[in-house]
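Reviewing the structure listed below.
A short reminder: the numbers here are calculations on the coordinates, not readings from a lab. Please read these numbers as outputs of a predicted model, since none were measured by experiment. Every residue, glycine as well, gets a Cβ built from its backbone with ideal geometry; the counts of neighbours run over all protein chains shown.
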Amino acid sequence: MHNIGEIIEKMREGTAMGPVRVKEIKERGIPVVGTYCTFTPWELINAAGGFPVSLCSTSEKPIAAAEKHLPRNLCPLIKSSYGFALTDTCPYFHFCDMVIGETTCDGKKKMYEYLGQMRHTHVMQLPQNVDGKNSMVLWKDEILRLKSVLEATFNTDITNEKLSASIKLRNRMHRTMMEFYDLSKLPCPVLTGKEIMLVSDYLKFSFDYEEAIKLVSDLTLKLKENYDSGERRICPGAKRILITGCPMGKSLEKVADAIESRETGGIIVGFENCGNLKCSSSPVDESSDPIDAITEKYLNIPCSVMSPNTKRLELIKKYVREYRAEGVIDVILQACHTYAVESHSVRECLQEAEIPYMAAETDYSQGDTGQLATRFGAFIEMI
Ligand code: SF4
Ligand code: SF4
């Protein structure tokens with residue numbers, strides 16, 4: 001087994017090779033399907049013989065181009081994702097045969113109308129409420145409609161056997177990530193938030209699932225072994241922070257940097273947001289009918305586009321307990337109304353539980369790095 005530095009370097013290289021691997025996948029005639037959201041049922045795409053590719057972009061670069069069509073006062077994630085498609089500068093979008101969207105927030109669902117002019121786009125109609133029989137019925141219909149669209153587009157049959165195999169694979173990926181995330185439950189953390197972000201990205205963008213599962217498991221094992229033999233990678237006095245809010249990516253590494261700098265003295269022990277704990281902590285039930293189990297898993301994602309979204313509050317408190325967090329930082333992307341509005345109820349709920357909380361609004365520019373560091377520093381000092 002390699003040492004920790006070598007494993008992390010291998011992951012960095014694997015992520016950087018993502019575009020080359022997608023090109024090879026495409027050249028082998030395998031369908032490439034673009035996704036923008038945690039609500040997209042990954043298992044259906046995989047069972048259709050396709051490769052799901054996340055197109056949620058976190059770069060500032062294509063935003064100016066996007067603003068030719070989209071309002072400036074819109075979430076940077078939407079503008080960046082659209083800008084990459086418009087300028088055809090994202091290799092992942094470039095190789096996509098089709099994209100799948102969902103009616104989540106207003107900006108995203110309207111953006112899909114324009115994306116449809118560039119690629120075959122299928123939009124799933126997401127119910128806005130998790131409770132109640134009606135939402136389950138509506139969402140199951142949407143899952144079945146997507147199944148038919150994938151079968152017709154890629155001339156295949158998505159059998160229950162294929163679906164069950166995809167569910168098992170995806171659950172293994174989630175379990176592997178949960179074992180890795182759970183290292184941050186140790187009394188003295190062994191990971192930085194930036195490392196957690198890197199490993200999450202690696203599993204998403206390396207496109208060799210078996211190799212990725214093996215490497216993440218190796219890293220988890222090695223970190224645990226070193227911890228058990230007394231190694232402490234992180235300063236034991238660092239204040240433990242749970243991140244919640246909007247999805248984060250490369251441009252928002254500035255948040256992790258600001259929290260974890262020596263001056264600020266914090267350490268991120270978990271990300272409740274998309275792509276991390278929120279999607280890996282609840283696997284699809286392998287013992288139920290695969291379509292019903294997929295319907296249930298995806299409808300229950302506690303995203304702020306749902307109303308009400310009380311499950312997110314429970315989840316944050318649960319993670320605070322399990323990951324021994326001493327404070328919660330809510331990262332809100334500029335003009336993201338659903339997370340910005342929900343911030344009030346998160347604050348109230350955490351205040352009641354006497355858990356320190358702060359919200360920070362930001363975008364993909366790097367201009368506010370100093371300001372963020374000052375605010376995080378003041379928050380962490382007060383914990
Ligand atoms: S925050 Fe909500 S809308 Fe955005 S990617 Fe995650 S699940 Fe989808
Ligand atoms: S961060 Fe907010 S505004 Fe942006 S795509 Fe996600 S839910 Fe929509």
Would you pull out the residues with amide H under 5 Å of Y357's amide H, same chain only if 5 or more places away, H placed 1.01 Å from N?
V328
Exposed loop sites here are GluC sites (Glu not before Pro) in DSSP loop states with at most 11 other C-beta atoms within 10 Å. What is the longest stretch of the chain lacking them?
1-262
Phi-derived 3J(HN,Hα) across the stretch 284-295 with the Karplus relation (6.51, -1.76, 1.60, θ = phi - 60°), rounded Hz, x for Gly and Pro, is 6, 5, 7, 9, 9, 4, x, 5, 4, 5, 5, 4
Provide the three semi-axes, in whole Å and in decreasing order, of the ellipsoid equivalent to the stretch 7-158 as defined by the square roots of 5 times the Cα gyration tensor eigenvalues.
25, 22, 15
Going 7 Å from the Cα of Q117 along its beta-carbon direction, which residues of the stretch 64-85 have the amide nitrogen within less than 11 Å of the resulting point?
69-70
Of every Cα-Cα pair in the chain, the percent that sits beyond 26 Å
52
Using alpha carbons only, how many degrees (0 to 90, rounded to 10) separate the axis of helix 209-228 from the longest principal axis of the chain?
10
Relative contact order of the stretch 301-383, defined on C-alpha pairs under 8 angstrom at six or more residues apart (%)
29
Apply 1/(1 + (r/R0)^6) to the Cβ-Cβ distance of D285 and K110, taking R0 = 56 Å, and write down the FRET efficiency to the nearest 0.05.
0.95
In whole Hz, with x marking every Gly and Pro, tabulate ³J(HN,Hα) for the stretch 88-98 from phi via Karplus 6.51 cos²θ - 1.76 cosθ + 1.60, θ = phi - 60°.
6, 10, 9, x, 5, 5, 3, 8, 6, 7, 8
Which pairs, out of K214/K250; K68/K204; K23/K79; K140/K317; K239/K318; K140/K168, put more than 27 Å between their alpha-carbon atoms?
K68/K204; K140/K317
Normalising by the residue count of the stretch 7-158, find the relative contact order in percent from Cα pairs under 8 Å and 6+ residues apart.
21
